[in-house]
Amino acid sequence: MTVTLRRVLPEDLPVFFAHQCDVDAAAMAGFTPRERGAFDAHWERILGGLAFVARTVEVEGAVAGYVSAFPTEGRVEIAYWLGRDYWHRGIGQAAVAMFLAEQRERPLFASVIDTNGASQAILERSGFVVVGEEIGEDGVCERRLRLG
Ligand SMILES: CC(C)(COP(=O)(O)OP(=O)(O)OC[C@H]1O[C@@H](n2cnc3c(N)ncnc32)[C@H](O)[C@@H]1OP(=O)(O)O)[C@@H](O)C(=O)NCCC(=O)NCCS
């Protein structure tokens, strides 16, 4: 199985949109899926902004998802999302490792809800450490992790 990262192309966006509409995946990430207009505006900002980095994850030439880094509240955070067909095969771990080798900015942060064991496992095996935890108004516990 070959996992590669490349720059995001406009034709990848409908695939990412379908991935973020998957309600189980959204629940896993603790994320409310965006409507199409908000999704397009979000990705326009990512692709147009110098401070944003996004890479499409390809598996055997097919679009499997993305990894990105974006500024928020004075920090730079990493985020990633794979389509369900690509889960449980080490692709998330491999994609994050490749992204971290390419993007050398540190410190780098990540936010993960406490039920997302797969995501936290990926981050900790990549060298991130938990630096904080916060329970939101919705009662969901979110962990913040830091690398570097
Ligand atoms: C999170 C996500 C990227 C994981 O991708 P993946 O390719 O399935 O993950 P991997 O196979 O690389 O590895 C995950 C590791 O976590 C482990 N894991 C899975 N569930 C776990 C849990 N509840 N607790 C601890 N470890 C867990 C897996 O066993 C695996 O380890 P292994 O390789 O030793 O078996 C993917 O499920 C996804 O995109 N989910 C929806 C969006 C999302 O949650 N994004 C992250 C937001 S912070």
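Does V15 satisfy being touching a residue at least 60 places away in the same chain (Cβ under 8 Å) and either open to solvent by 50 Å² or more (accessible area, probe 1.4 Å) or within 17 Å of G92 (Cα to Cα) (or both)? Spell out how you get there, then give the answer.
Numbers: touching a residue at least 60 places away in the same chain (Cβ under 8 Å): yes; either open to solvent by 50 Å² or more (accessible area, probe 1.4 Å) or within 17 Å of G92 (Cα to Cα) (or both): yes.
In short, yes.
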Does at least one position in the stretch 108-125 carry a residue that is within 13 Å of the ligand (Cβ to nearest atom) and touching a Ser or Thr at 6+ places or on another chain (Cβ under 7 Å)?
yes
Of A51, A118, A101, A97, which residue is open to solvent by 40 Å² or more (accessible area, probe 1.4 Å), without any contact (Cβ under 8 Å) to a residue 12 or more places away in the chain and among the hydrophobic types (A, V, I, L, M, F, W, C)?
A101
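Condition first: farther than 29 Å from V131 by Cα and in contact with a Gly (Cβ under 7 Å, 6 or more places away or on another chain). Can you find one or more residues in the stretch 63-70 that meet it? Give the steps one after another, and end with the answer.
Restricting attention to the stretch 63-70, the residues satisfying the condition of being farther than 29 Å from V131 by Cα are 63-64.
After this cut, where a residue has to be in contact with a Gly (Cβ under 7 Å, 6 or more places away or on another chain) as well, the list is 64.
Yes, some residue in the stretch 63-70 is farther than 29 Å from V131 by Cα and in contact with a Gly (Cβ under 7 Å, 6 or more places away or on another chain).
Restricting attention to the stretch 19-48, which residues are open to solvent by 80 Å² or more (accessible area, probe 1.4 Å) and either modelled with pLDDT under 95 or in a helix (DSSP H, G or I) (or both)? Give the steps one after another, and end with the answer.
Step one: list which residues in the stretch 19-48 are open to solvent by 80 Å² or more (accessible area, probe 1.4 Å), which gives 23-24, 32, 35-36, 44-45, 47.
Within the stretch 19-48, V23, D24, T32, R36, E44, R45, L47 meet the criteria.
Could you tell me which of the residues E105, E77 is at pLDDT below 95, more than 6 Å from the ligand (Cβ to nearest atom) and of a type outside the set (K, R)? Show your work before the answer.
Working: E77 fails: at pLDDT below 95.
That would be E105, the only listed residue that is at pLDDT below 95, more than 6 Å from the ligand (Cβ to nearest atom) and of a type outside the set (K, R).
The values are calculated or read from the model by the stated rules, or taken from the named source; none is laboratory data. It should be emphasised that the depicted structure is a prediction, and the values quoted were computed from it without experimental measurement. Neighbour counts are summed over all protein chains in view; Cβ atoms, including those assigned to glycine, are modelled from backbone coordinates with ideal geometry. Surface areas here come from the heavy atoms of the whole protein model, side chains and all, with no ligands, DNA or RNA. Shrake-Rupley method; radii C 1.70, N 1.55, O 1.52, S 1.80 Å.
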